[in-house]
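Chemist: Before anything else, here's the structure in question.
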Amino acid sequence: MRILCVHAHFDDFEFVAAGTFELFRRKHAGNFRAKVLVCTDGRSGHHWRTPQETARIRLEEQAAAAASGGYEFERLARPDGSPFGEARLPSNGLLAALWKSIRDFEPDYLLCPPLPADTRAGVHPDHITVADAVRRVAYMINVPHAFVDDYPEEGKAEARWIRTPVILNTWDSYIGDGPQSVPDLVVDVSETFDQIARQSWCHQSQIREWLPWVGRHGIAPVETLDQWEASLRQRFGNQRLSLGLGEGAPVEVFSLTSWGQVADRDQLTRDFPAFQSKPGR
(Lines give C-alpha, C1' and ligand atoms only; values in the text may rest on other atoms or scores of the structure.)
Protein backbone atom coordinates (compact mmCIF):
# COMPACT_ATOMS: atom_id res chain seq x y z
CA MET A 1 0.00 0.00 0.00
CA ARG A 2 1.51 3.31 -1.13
CA ILE A 3 -0.04 6.72 -0.58
CA LEU A 4 1.25 9.98 -2.02
CA CYS A 5 0.04 13.35 -0.76
CA VAL A 6 0.70 16.19 -3.24
CA HIS A 7 0.46 19.71 -1.85
CA ALA A 8 1.67 23.21 -2.52
CA HIS A 9 3.31 24.16 0.78
CA PHE A 10 5.39 22.65 3.53
CA ASP A 11 2.67 22.60 6.21
CA ASP A 12 -0.35 21.69 4.07
CA PHE A 13 -0.23 17.92 4.63
CA GLU A 14 -0.18 18.11 8.42
CA PHE A 15 -3.44 20.08 8.45
CA VAL A 16 -5.45 17.73 6.23
CA ALA A 17 -4.18 14.13 6.20
CA ALA A 18 -1.52 13.40 8.84
CA GLY A 19 -3.91 11.54 11.14
CA THR A 20 -5.22 9.39 8.30
CA PHE A 21 -1.66 8.52 7.20
CA GLU A 22 -0.90 7.29 10.71
CA LEU A 23 -4.08 5.19 10.76
CA PHE A 24 -3.08 3.69 7.41
CA ARG A 25 0.29 2.80 8.90
CA ARG A 26 -1.31 1.04 11.85
CA LYS A 27 -3.74 -0.88 9.63
CA HIS A 28 -1.25 -2.01 6.98
CA ALA A 29 1.86 -2.20 9.20
CA GLY A 30 4.93 -3.20 7.20
CA ASN A 31 3.00 -3.15 3.94
CA PHE A 32 2.72 0.64 3.87
CA ARG A 33 4.76 3.48 2.36
CA ALA A 34 3.78 7.11 2.67
CA LYS A 35 5.22 10.09 0.84
CA VAL A 36 4.53 13.82 0.84
CA LEU A 37 5.36 15.80 -2.29
CA VAL A 38 5.61 19.58 -1.80
CA CYS A 39 5.45 21.62 -4.99
CA THR A 40 6.97 24.97 -3.93
CA ASP A 41 10.12 26.20 -2.21
CA GLY A 42 8.26 28.00 0.60
CA ARG A 43 10.20 31.23 0.30
CA SER A 44 7.34 33.71 -0.02
CA GLY A 45 5.26 33.04 3.09
CA HIS A 46 6.78 35.24 5.75
CA HIS A 47 6.65 38.87 6.81
CA TRP A 48 10.05 39.57 8.37
CA ARG A 49 12.37 36.73 7.39
CA THR A 50 14.18 36.98 4.06
CA PRO A 51 12.96 34.69 1.25
CA GLN A 52 16.22 32.74 1.38
CA GLU A 53 16.00 32.23 5.15
CA THR A 54 12.32 31.30 4.92
CA ALA A 55 12.98 28.67 2.24
CA ARG A 56 15.77 27.12 4.34
CA ILE A 57 13.71 27.06 7.54
CA ARG A 58 10.61 25.64 5.85
CA LEU A 59 12.66 22.81 4.37
CA GLU A 60 14.17 22.03 7.78
CA GLU A 61 10.74 22.10 9.43
CA GLN A 62 9.31 19.75 6.81
CA ALA A 63 12.18 17.33 7.33
CA ALA A 64 11.46 17.35 11.08
CA ALA A 65 7.73 16.74 10.47
CA ALA A 66 8.53 13.86 8.11
CA ALA A 67 10.82 12.29 10.72
CA SER A 68 8.09 12.65 13.35
CA GLY A 69 5.43 11.18 11.06
CA GLY A 70 7.61 8.47 9.56
CA TYR A 71 6.90 9.39 5.95
CA GLU A 72 9.09 10.08 2.95
CA PHE A 73 9.34 13.65 1.73
CA GLU A 74 10.25 15.21 -1.60
CA ARG A 75 10.38 18.84 -2.64
CA LEU A 76 9.32 18.86 -6.26
CA ALA A 77 11.95 20.18 -8.66
CA ARG A 78 12.48 20.75 -12.34
CA PRO A 79 14.70 18.36 -14.32
CA ASP A 80 17.67 20.66 -13.56
CA GLY A 81 16.99 20.37 -9.82
CA SER A 82 15.70 23.90 -9.27
CA PRO A 83 12.55 24.25 -7.14
CA PHE A 84 9.28 25.91 -8.07
CA GLY A 85 8.49 29.25 -6.44
CA GLU A 86 5.35 30.12 -4.52
CA ALA A 87 2.63 32.22 -6.21
CA ARG A 88 4.16 31.64 -9.62
CA LEU A 89 3.80 27.94 -10.29
CA PRO A 90 4.16 27.31 -14.03
CA SER A 91 1.89 24.92 -15.84
CA ASN A 92 3.94 22.82 -18.24
CA GLY A 93 7.04 22.42 -16.08
CA LEU A 94 4.88 21.47 -13.13
CA LEU A 95 3.05 18.79 -15.12
CA ALA A 96 6.27 17.14 -16.21
CA ALA A 97 7.76 17.14 -12.71
CA LEU A 98 4.57 15.73 -11.19
CA TRP A 99 4.40 13.03 -13.86
CA LYS A 100 7.94 11.90 -13.08
CA SER A 101 7.49 11.87 -9.31
CA ILE A 102 4.17 10.02 -9.45
CA ARG A 103 5.54 7.39 -11.84
CA ASP A 104 8.65 6.91 -9.68
CA PHE A 105 6.62 6.32 -6.50
CA GLU A 106 3.70 4.37 -8.07
CA PRO A 107 1.08 5.20 -5.42
CA ASP A 108 -2.15 3.29 -4.91
CA TYR A 109 -3.81 6.45 -3.62
CA LEU A 110 -2.96 10.07 -4.35
CA LEU A 111 -4.29 12.90 -2.17
CA CYS A 112 -4.30 16.51 -3.35
CA PRO A 113 -6.22 19.78 -2.88
CA PRO A 114 -9.65 20.23 -4.45
CA LEU A 115 -10.66 22.54 -7.26
CA PRO A 116 -13.39 25.04 -6.41
CA ALA A 117 -16.67 24.32 -8.16
CA ASP A 118 -18.07 27.76 -7.45
CA THR A 119 -16.55 31.10 -8.44
CA ARG A 120 -17.68 32.53 -5.09
CA ALA A 121 -15.34 30.19 -3.21
CA GLY A 122 -12.11 31.50 -1.77
CA VAL A 123 -8.90 30.16 -3.25
CA HIS A 124 -5.18 30.00 -2.72
CA PRO A 125 -3.53 30.26 -6.17
CA ASP A 126 -0.87 27.68 -5.35
CA HIS A 127 -3.46 25.18 -4.10
CA ILE A 128 -5.66 25.36 -7.17
CA THR A 129 -2.64 25.28 -9.49
CA VAL A 130 -1.49 22.03 -7.86
CA ALA A 131 -5.01 20.59 -7.94
CA ASP A 132 -5.45 21.44 -11.61
CA ALA A 133 -2.02 20.04 -12.45
CA VAL A 134 -2.85 16.71 -10.78
CA ARG A 135 -6.13 16.51 -12.68
CA ARG A 136 -4.44 17.31 -15.98
CA VAL A 137 -1.52 14.95 -15.52
CA ALA A 138 -3.58 12.02 -14.21
CA TYR A 139 -4.30 10.51 -17.63
CA MET A 140 -0.65 10.86 -18.61
CA ILE A 141 0.68 8.85 -15.65
CA ASN A 142 0.58 5.67 -17.72
CA VAL A 143 1.76 7.36 -20.92
CA PRO A 144 5.48 6.53 -20.61
CA HIS A 145 6.78 8.95 -23.25
CA ALA A 146 4.56 11.91 -22.34
CA PHE A 147 7.42 14.08 -21.09
CA VAL A 148 10.56 12.58 -22.63
CA ASP A 149 11.63 16.04 -23.80
CA ASP A 150 11.98 16.91 -20.10
CA TYR A 151 13.18 13.46 -18.97
CA PRO A 152 14.93 11.87 -21.99
CA GLU A 153 16.05 8.86 -19.94
CA GLU A 154 12.41 7.74 -19.80
CA GLY A 155 12.49 7.12 -23.54
CA LYS A 156 15.61 4.94 -23.58
CA ALA A 157 14.29 1.78 -21.92
CA GLU A 158 11.28 -0.44 -22.40
CA ALA A 159 8.26 1.37 -21.00
CA ARG A 160 6.95 0.38 -17.58
CA TRP A 161 3.21 -0.02 -17.06
CA ILE A 162 2.14 2.23 -14.19
CA ARG A 163 -1.28 1.89 -12.61
CA THR A 164 -3.04 5.21 -12.29
CA PRO A 165 -3.87 5.75 -8.59
CA VAL A 166 -7.19 6.49 -6.98
CA ILE A 167 -7.15 10.28 -6.57
CA LEU A 168 -8.88 11.89 -3.59
CA ASN A 169 -9.28 15.55 -2.72
CA THR A 170 -8.48 16.72 0.79
CA TRP A 171 -10.17 19.50 2.73
CA ASP A 172 -9.07 23.03 1.83
CA SER A 173 -9.69 25.82 4.32
CA TYR A 174 -9.40 28.49 1.63
CA ILE A 175 -12.47 27.16 -0.13
CA GLY A 176 -14.12 26.85 3.25
CA ASP A 177 -17.84 26.23 3.23
CA GLY A 178 -18.15 25.99 -0.54
CA PRO A 179 -19.08 22.99 -2.68
CA GLN A 180 -16.21 20.91 -1.27
CA SER A 181 -18.26 20.64 1.92
CA VAL A 182 -19.83 17.33 0.86
CA PRO A 183 -17.00 14.82 1.48
CA ASP A 184 -17.33 11.17 0.52
CA LEU A 185 -15.11 9.84 3.29
CA VAL A 186 -14.97 10.96 6.91
CA VAL A 187 -12.09 9.55 8.95
CA ASP A 188 -12.17 9.75 12.74
CA VAL A 189 -8.65 10.78 13.81
CA SER A 190 -9.20 10.81 17.58
CA GLU A 191 -6.61 8.07 18.06
CA THR A 192 -3.95 9.95 16.13
CA PHE A 193 -4.72 13.54 17.09
CA ASP A 194 -1.68 13.81 19.33
CA GLN A 195 0.43 12.77 16.33
CA ILE A 196 -1.19 15.47 14.19
CA ALA A 197 -0.35 18.04 16.88
CA ARG A 198 3.27 16.90 17.19
CA GLN A 199 3.87 16.87 13.44
CA SER A 200 2.26 20.22 12.78
CA TRP A 201 4.15 21.73 15.74
CA CYS A 202 7.32 21.15 13.72
CA HIS A 203 6.21 23.99 11.42
CA GLN A 204 7.12 26.70 13.92
CA SER A 205 7.68 29.49 11.41
CA GLN A 206 4.17 28.88 10.13
CA ILE A 207 2.03 28.39 13.22
CA ARG A 208 3.85 30.79 15.57
CA GLU A 209 4.88 33.49 13.11
CA TRP A 210 3.31 33.60 9.67
CA LEU A 211 -0.24 32.27 10.09
CA PRO A 212 -1.16 34.42 13.13
CA TRP A 213 0.21 37.46 11.29
CA VAL A 214 -1.81 36.70 8.14
CA GLY A 215 -4.88 36.60 10.34
CA ARG A 216 -7.34 34.65 8.19
CA HIS A 217 -6.86 31.14 9.56
CA GLY A 218 -8.22 31.57 13.08
CA ILE A 219 -4.81 30.70 14.51
CA ALA A 220 -3.74 32.74 17.52
CA PRO A 221 -0.10 32.92 18.69
CA VAL A 222 0.84 30.02 20.98
CA GLU A 223 3.92 29.25 23.04
CA THR A 224 3.66 25.56 23.92
CA LEU A 225 2.66 22.27 22.30
CA ASP A 226 -0.27 21.94 24.73
CA GLN A 227 -1.56 25.36 23.69
CA TRP A 228 -1.16 24.44 20.05
CA GLU A 229 -3.04 21.16 20.49
CA ALA A 230 -5.93 23.02 22.12
CA SER A 231 -5.98 25.54 19.26
CA LEU A 232 -5.87 22.71 16.74
CA ARG A 233 -8.81 20.93 18.40
CA GLN A 234 -10.83 24.11 18.10
CA ARG A 235 -9.91 24.36 14.42
CA PHE A 236 -11.00 20.77 13.78
CA GLY A 237 -14.22 21.42 15.71
CA ASN A 238 -15.01 24.43 13.55
CA GLN A 239 -14.33 22.33 10.46
CA ARG A 240 -16.87 19.73 11.61
CA LEU A 241 -19.49 22.41 12.05
CA SER A 242 -18.81 23.93 8.63
CA LEU A 243 -19.18 20.47 7.08
CA GLY A 244 -22.56 19.98 8.72
CA LEU A 245 -21.28 17.15 10.90
CA GLY A 246 -22.17 18.77 14.21
CA GLU A 247 -20.05 18.46 17.32
CA GLY A 248 -17.96 15.37 17.82
CA ALA A 249 -14.60 13.72 17.29
CA PRO A 250 -11.94 15.37 15.10
CA VAL A 251 -12.09 14.12 11.52
CA GLU A 252 -10.20 14.35 8.25
CA VAL A 253 -12.37 14.33 5.16
CA PHE A 254 -11.82 13.33 1.54
CA SER A 255 -13.76 13.54 -1.70
CA LEU A 256 -13.56 10.99 -4.50
CA THR A 257 -12.64 12.09 -8.02
CA SER A 258 -12.75 10.38 -11.39
CA TRP A 259 -9.35 11.83 -12.33
CA GLY A 260 -7.66 8.46 -11.84
CA GLN A 261 -8.90 4.98 -10.97
CA VAL A 262 -12.41 4.97 -9.51
CA ALA A 263 -12.61 2.94 -6.31
CA ASP A 264 -15.76 1.17 -5.21
CA ARG A 265 -16.92 0.92 -1.62
CA ASP A 266 -15.46 -2.57 -1.16
CA GLN A 267 -11.98 -1.33 -2.10
CA LEU A 268 -12.23 1.70 0.15
CA THR A 269 -13.45 -0.42 3.06
CA ARG A 270 -10.60 -2.87 2.54
CA ASP A 271 -7.87 -0.26 2.16
CA PHE A 272 -8.85 2.74 4.25
CA PRO A 273 -8.68 2.95 8.03
CA ALA A 274 -12.07 3.03 9.74
CA PHE A 275 -14.19 5.60 7.98
CA GLN A 276 -17.80 6.53 7.56
CA SER A 277 -19.50 7.84 4.47
CA LYS A 278 -20.95 11.31 4.68
CA PRO A 279 -24.56 10.93 5.90
CA GLY A 280 -26.83 10.49 2.91
CA ARG A 281 -24.07 8.94 0.74
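Chemist: Specify which of the listed residues (Arg135, Arg88) is within 21 Å of the chain's Cα centre (by Cα), part of a helix (DSSP H, G or I) and of a type outside the set (Gly, Ala, Ser). Step through it out loud before you land on a result.
Modeler: Numbers: Arg88 fails: part of a helix (DSSP H, G or I).
When all the criteria are applied, what remains is Arg135.
Chemist: For the stretch 46-96, which positions are surrounded by 15 or more Cβ atoms within 10 Å (Cβ to Cβ), of a type in the set (S, T, N, Q) and in contact with a helix residue (DSSP H, G or I) (Cβ under 8 Å, 6 or more places away or on another chain)?
Modeler: Listed by number, the residues that qualify are Thr54, Ser68.
Chemist: Thr164 - would you say it is assigned to a loop (DSSP other than H, G, I, E, B) and at pLDDT 90 or above?
Modeler: Judged against the criteria, Thr164 is a match.
Chemist: What are the residues in the stretch 1-39 that are of a type in the set (A, V, I, L, M) and under 28 Å from Pro83 (Cβ atoms), if any?
Modeler: Residues of the stretch 1-39 that are of a type in the set (A, V, I, L, M), as a first pass: 1, 3-4, 6, 8, 16-18, 23, 29, 34, 36-38.
Ile3, Leu4, Val6, Ala8, Val16, Ala17, Ala18, Ala34, Val36, Leu37, Val38, listed by residue number.
Chemist: Quick one: how many residues across the stretch 98-132 are touching a residue at least 40 places away in the same chain (Cβ under 8 Å), assigned to a helix (DSSP H, G or I) and more than 15 Å from the chain's Cα centre (by Cα)?
Modeler: Total satisfying the criteria: 4.
Chemist: Restrict the check to the stretch 174-181 and report whether at least one residue is surrounded by 15 or more Cβ atoms within 10 Å (Cβ to Cβ), in a helix (DSSP H, G or I) and touching an Asp or Glu at 6+ places or on another chain (Cβ under 7 Å).
Modeler: Scanning the stretch 174-181, I find at least one residue that is surrounded by 15 or more Cβ atoms within 10 Å (Cβ to Cβ), in a helix (DSSP H, G or I) and touching an Asp or Glu at 6+ places or on another chain (Cβ under 7 Å), so the answer is yes.
Chemist: Glu247: part of a helix (DSSP H, G or I), farther than 27 Å from Val130 by Cβ and either touching a helix residue (DSSP H, G or I) at 6+ places or on another chain (Cβ under 9 Å) or at pLDDT below 90 (or both), yes or no? Reasoning before the result, please.
Modeler: Details: part of a helix (DSSP H, G or I): no; farther than 27 Å from Val130 by Cβ: yes; either touching a helix residue (DSSP H, G or I) at 6+ places or on another chain (Cβ under 9 Å) or at pLDDT below 90 (or both): yes.
No; evaluated as a whole, the condition is false for this residue.
Chemist: Checking Trp99 against (1) in contact with a strand residue (DSSP E or B) (Cβ under 9 Å, 6 or more places away or on another chain); (2) buried (at least 20 other Cβ atoms within 10 Å of the Cβ); (3) over 19 Å from Gly42 (Cα atoms), only one condition comes out false. Which one?
Modeler: (1)
Chemist: Which residues, counting only those in the stretch 26-42, are of a type in the set (Gly, Ala, Ser) and modelled with pLDDT of 90 or more? Don't jump to the end; show me each part of the working.
Modeler: Start the filter on the stretch 26-42 by keeping residues that are of a type in the set (Gly, Ala, Ser), which leaves 29-30, 34, 42.
If the condition is that a residue be of a type in the set (Gly, Ala, Ser) and modelled with pLDDT of 90 or more, then Ala34 is the only one that fits.
Chemist: Tell me the residue from Gly42, Gly19 that is more than 19 Å from Ser101 (Cβ to Cβ), under 15 Å from the mean Cα position of the chain (by Cα), touching a residue at least 40 places away in the same chain (Cβ under 8 Å) and surrounded by 15 or more Cβ atoms within 10 Å (Cβ to Cβ), please.
Modeler: Working: Gly42 fails: more than 19 Å from Ser101 (Cβ to Cβ).
Matching residue, one of Gly42, Gly19: Gly19.
Chemist: Next question, about the same structure. Under 8 Å between Cβ atoms, which residue pairs at least 6 apart in sequence (or on different chains) link something in the stretch 168-190 that is closer than 17 Å to Val6 by Cα with a partner that is modelled with pLDDT of 90 or more and of a type in the set (Val, Ile, Thr)?
Modeler: Here the result reads Leu168/Thr257; Asn169/Thr257; Thr170/Val16; Thr170/Val253; Trp171/Val16; Trp171/Val253; Asp172/Val16, each pair linking the stretch 168-190 to a residue that is modelled with pLDDT of 90 or more and of a type in the set (Val, Ile, Thr).
The values are calculated or read from the model by the stated rules, or taken from the named source; none is laboratory data. Worth saying up front: this structure is predicted, and the values here are computed from it rather than measured. When we count neighbours, we look across all protein chains shown, and the Cβ atoms used for this are built from the backbone with ideal geometry, even at glycine.
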